[in-house]
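The structure under discussion appears below in the form of structure tokens.
The values are calculated or read from the model by the stated rules, or taken from the named source; none is laboratory data. What you see is a predicted model; the values in this text were computed from it and never measured. Virtual Cβ from ideal backbone geometry, glycine too; neighbours counted across all protein chains shown. The accessibility values were calculated without ligands, DNA or RNA, using every heavy atom of the protein model including side chains. Shrake-Rupley method; radii C 1.70, N 1.55, O 1.52, S 1.80 Å.
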Amino acid sequence: MRLVQRLRDKGIKNEAVLSAMGETPRHIFLDEALAHRAYEDTALPIGHQQTISQPYIVARMTELVLETSPRRVLELGTGSGYQAAILAQLVDDVYSVERISPLLDRAVVRFRKMGLRNLSARHSDGGMGWPERGPFDVIIVTAAPKELPVELLRQLKEGGRMIAPVGDSSQSLTVVTKHSSGYDEKIIEPVMFVPFLPGTVV
Ligand code: SAH
């Protein structure tokens with residue numbers, strides 16, 4: 001409840017997002033040793049030098065995802081699975097890709113525990129997207145590529161959007177909209193994500 005109030009104070013307005021965040025137990029996405037900090041509004045380590053995103057950022061990005069009432073959403077960077085689990089409560093189908101296999105395995109166990117059946121996840125390099133399951137209404141990237149991965153726009157429907165933190169030591173949360181001829185970009189706010197890396201780790 002306190003976390004939801006905090007998200008409201010920080011400007012999150014979408015009631016569906018606030019209610020999904022209020023009903024999702026974030027502690028199950030963390031190791032036991034850190035579970036007592038699950039409802040703080042901070043990013044926390046999940047092993048393999050990765051982090052579960054800050055709740056405010058998850059809420060903000062989810063609000064952006066929902067702006068055009070999407071049905072099929074692809075997430076790149078499953079990590080703990082928290083962002084994917086929130087999305088799966090708000091859209092028809094969520095697909096999520098993670099390059100580090102032990103992280104993916106743990107996330108899948110959590111999805112099962114929560115009974116989320118509209119969520120598919122696979123171990124692969126998100127740089128390839130998931131062409132067999134596309135085209136998507138939205139692609140949400142939860143690690144930061146240095147430059148906008150424009151080749152992934154091919155896996156979006158026309159009018160579809162990619163929401164991604166872009167940059168290196170300084171990053172901008174960016175919304176890219178695909179048009180019949182090209183795309184446009186809108187910068188939302190500064191953010192700090194772990195880097196989007198190439199290849200897979202077993
Ligand atoms: N959405 C996650 C955030 C995890 S941090 C959550 O809610 O917990 C970012 C994740 O992106 C890490 O797990 C990292 O391994 C993953 N990642 C980085 N580059 C990737 C790539 N090319 N393909 C797939 N996943 C990637």
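Using helices alone, what [θ] at 222 nm do you get for the chain, with -39,500 (n - 2.57) per DSSP H run of 4 or more residues, divided over all residues and rounded to the nearest 500?
The per-residue figure over the chain is -7000 deg cm²/dmol.
Can you give me the relative contact order of segment 2-191 as a percent, contacts being Cα pairs under 8 Å and 6 or more apart?
15 percent
For residue 186 and residue 105 in the same chain, what is the full-extension length gain: residue separation times 0.36 nm, less their Cα-Cα distance, in nm?
25.7 nm
Which of the listed residues, 87, 1, 170, is farthest toward the dipole's positive end in the chain, when Lys, Arg count +1 and Asp, Glu count -1 at the beta-carbon?
Farthest towards the positive end: 1.
In debye, nearest 20, what is the charge dipole magnitude of segment 22-128 about its Cα centre with +1 on Lys and Arg Cβ and -1 on Asp and Glu Cβ, if you could check?
Dipole magnitude for segment 22-128 comes out near 280 debye.
Taking every DSSP beta bridge that has both residues in segment 1-137, what percent is antiparallel when rounded to the nearest 5?
Roughly 25 percent of the beta bridges in segment 1-137 run antiparallel, per DSSP.
Dipole magnitude of the chain about its Cα centre, charges +1 at Lys/Arg Cβ and -1 at Asp/Glu Cβ only, in debye to the nearest 20?
380 debye
Taking the Cα centre of segment 72-162 as the origin, how large is its charge dipole in debye, to the nearest 20, when only Lys and Arg (+1) and Asp and Glu (-1) carry charge on their Cβ atoms?
320 debye
Enter the accessible area per residue of segment 2-191 (Å², integer; probe 1.4 Å; all protein chains in place).
Using a 1.4 Å probe on heavy atoms only, each residue of segment 2-191 averages 46 Å².
Debye calculation, C-alpha points only, no solvent: report log10 I(q)/I(0) for the chain at q = 0.10, 0.11 Å⁻¹, in the same order as the q values.
Cα-only, vacuum Debye calculation for the chain: -0.36, -0.45.
Projecting each Cα onto the charge dipole of the chain (Lys/Arg +1, Asp/Glu -1 at the beta carbon, about the Cα centre), which of 118, 190, 58 comes out farthest on the positive side?
118
Could you tell me, in Å, what Rg and Dmax come out for the Cα atoms of segment 125-193?
Taking only Cα atoms of segment 125-193, I get Rg and Dmax of 11.5, 33 Å.
Around residue 46, which amide H atoms from residues at least 5 apart in sequence, or from another chain, sit under 5 Å from its own amide H, with H modelled in the peptide plane?
51, 52
Can you compute the FRET efficiency between residue 71 and residue 200 using 1/(1 + (r/R0)^6), with r the Cβ-Cβ distance and R0 = 25 Å? Round to the nearest 0.05.
Approximately 0.35, to the nearest 0.05.
Return the carbon/sulfur percentage of the accessible area of segment 2-191, one whole number, probe 1.4 Å, all protein chains in place.
Summing carbon and sulfur atoms, their accessible area is 47 percent of the total for segment 2-191.
Residue separation times 0.36 nm, minus the C-alpha to C-alpha distance between residue 172 and residue 146: what's the value?
8.3 nm
Filter the DSSP H helices in the chain by two things, a Kyte-Doolittle mean of at least 0.5 and an axial alpha-carbon span of 15 angstrom or more, and list the hits by number.
55-66
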